[in-house]
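Single-structure report; data block below.
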Ligand code: DAH
């Protein structure tokens, strides 16, 4: 047994120095075969162990096991070190390493279509001399309806399926026209203002309706503002939006906060003789507008005998859908990368 124990420490010392000298993976493999292989020196010791008595095995067995475990670990460490060194050497020999060839396989981040489109609209309005303003989404009945010439029980309220909140007299704004009131209350004419933002209506969701959508709103108040100013402004805006020559068509329309109220259509930017977007008519209904009703001016402290103004509003998704050929309003909130990455 003493002999076996002596051999264990000899083999350990020998393996230690052989591992140290193994400078290539091929050398290391030779060392592995000689010591750890099926017919290697550690396996020989196992055979010798079998010949010992039970008492002797009890002493020599654990020592031999320790050697085996240590030998495996020492071998693994050396192998890892040699492999790493080989990889580094390979890298070093690759002198013309092309950093631009590296392609990270990930989606590139981008601004959401909403953010991009609103910024685009704001650029257009700013270029036309408008100031960008914002208004609250949680609004009073007064600013959303009453001050816009829509008293309690006015039938126009039916068109605005309103989300009322638990606080009496408060609601989620049904249109961005509340901004007109908020701004007129604190300004003196002349002013030209533009606003884009979220509005809410209790509507069933389908391809063209959502309970949360966005609108844009313009209001211009000064002395002697007329329908011709409105029409010229609408045309300028639509031409900037569609980046081409657009004709506008004005039809009578009814909105309680304007008099006269009009609807403004654009000549179809996509066809000459009728297509599916303009439903073969050559015209697309785009804007609600009109001259600000004297009651609305008066209500917010502006004298309608001195000043007049026009206002204009429309659905932001609607114009984005027409401009970009988007077929379903639900895509805006779908968070589908296939959709969003197109913009
Ligand atoms: N607020 C209207 C709506 O939600 C849109 C609108 C129509 C805005 C006429 C206006 C306007 O400023 O003059 O349907």
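When region 250-284 is filtered for residues that are more than 36 Å from the chain's Cα centre (by Cα), more than 12 Å from the ligand (Cβ to nearest atom) and crowded, with 16+ Cβ neighbours inside 10 Å, only 250 remains. Taking the criterion of being touching a residue at least 40 places away in the same chain (Cβ under 8 Å), part of a loop (DSSP other than H, G, I, E, B) and farther than 30 Å from residue 86 by Cβ, the only residue of region 17-56 that qualifies is 52. Residues of region 173-197 that are within 16 Å of the ligand (Cβ to nearest atom) and either modelled with pLDDT under 95 or in a loop (DSSP other than H, G, I, E, B) (or both): 173, 174, 175, 176, 177. Answer with yes or no whether residue 289 is in contact with a strand residue (DSSP E or B) (Cβ under 8 Å, 6 or more places away or on another chain) and touching a residue at least 40 places away in the same chain (Cβ under 8 Å). Considered against the rule, which asks whether it is in contact with a strand residue (DSSP E or B) (Cβ under 8 Å, 6 or more places away or on another chain) and touching a residue at least 40 places away in the same chain (Cβ under 8 Å), residue 289 comes out as yes. Scanning region 141-157 turns up no residue that is under 29 Å from residue 334 (Cα atoms) and in contact (Cβ under 8 Å) with a residue 40 or more places away in the chain. Residues satisfying the criterion are absent from region 43-61 (criterion: out of contact with any strand residue (DSSP E or B) (no Cβ under 6 Å at 6 or more places or on another chain), in the same structural domain as residue 87 (by TED's automatic domain parsing) and under 13 Å from residue 75 (Cβ atoms)). Here residue 129 does not qualify as exposed (fewer than 14 other Cβ atoms within 10 Å of the Cβ), on the phi < 0 side of the Ramachandran plot and either within 16 Å of the ligand (Cβ to nearest atom) or in a loop (DSSP other than H, G, I, E, B) (or both). Restricting region 236-248 to residues that are surrounded by 16 or more Cβ atoms within 10 Å (Cβ to Cβ) and farther than 16 Å from residue 123 by Cα leaves a set whose member that is farthest from the chain's Cα centre (by Cα) is 248. When you scan region 160-172, do you find a residue that is in a helix (DSSP H, G or I), surrounded by 13 or more Cβ atoms within 10 Å (Cβ to Cβ) and within 16 Å of the ligand (Cβ to nearest atom), even just one? Checking region 160-172: not a single residue is in a helix (DSSP H, G or I), surrounded by 13 or more Cβ atoms within 10 Å (Cβ to Cβ) and within 16 Å of the ligand (Cβ to nearest atom).
Each residue in region 292-325 was checked for being without any contact (Cβ under 8 Å) to a residue 60 or more places away in the chain and within 17 Å of the chain's Cα centre (by Cα), and 0 of them qualify.
Among the candidates 114, 96, 102, 80, the residue that is under 41 Å from the mean Cα position of the chain (by Cα) and modelled with pLDDT of 90 or more is uniquely 114. For residues in region 326-338 being in contact (Cβ under 8 Å) with a residue 24 or more places away in the chain and touching a helix residue (DSSP H, G or I) at 6+ places or on another chain (Cβ under 7 Å), which is farthest from the ligand (Cβ to nearest atom)? Across region 326-338, the extreme among qualifying residues is 332.
Within 13 Å of the ligand (Cβ to nearest atom), outside any strand (DSSP E or B), over 18 Å from residue 291 (Cβ atoms) and at pLDDT below 95 - does that describe any residue in region 198-208? Give the derivation first.
At the first step, the residues of region 198-208 found to be within 13 Å of the ligand (Cβ to nearest atom) are 198-201, 203.
Imposing the further condition that a residue be outside any strand (DSSP E or B) reduces the set to 201, 203.
Within this subset, residues satisfying the condition of being over 18 Å from residue 291 (Cβ atoms) are 201, 203.
The next check asks that each one be at pLDDT below 95; those that pass are 203.
Among the residues of region 198-208, at least one is within 13 Å of the ligand (Cβ to nearest atom), outside any strand (DSSP E or B), over 18 Å from residue 291 (Cβ atoms) and at pLDDT below 95, which makes the answer yes.
Given the structure, is residue 66 without any contact (Cβ under 8 Å) to a residue 12 or more places away in the chain, over 29 Å from residue 191 (Cα atoms) and touching a helix residue (DSSP H, G or I) at 6+ places or on another chain (Cβ under 9 Å)? Yes; evaluated as a whole, the condition is true for this residue.
The values are calculated or read from the model by the stated rules, or taken from the named source; none is laboratory data. In this text the structure is predicted, and so the values were computed from the model without any measurement. Virtual Cβ from ideal backbone geometry, glycine too; neighbours counted across all protein chains shown.
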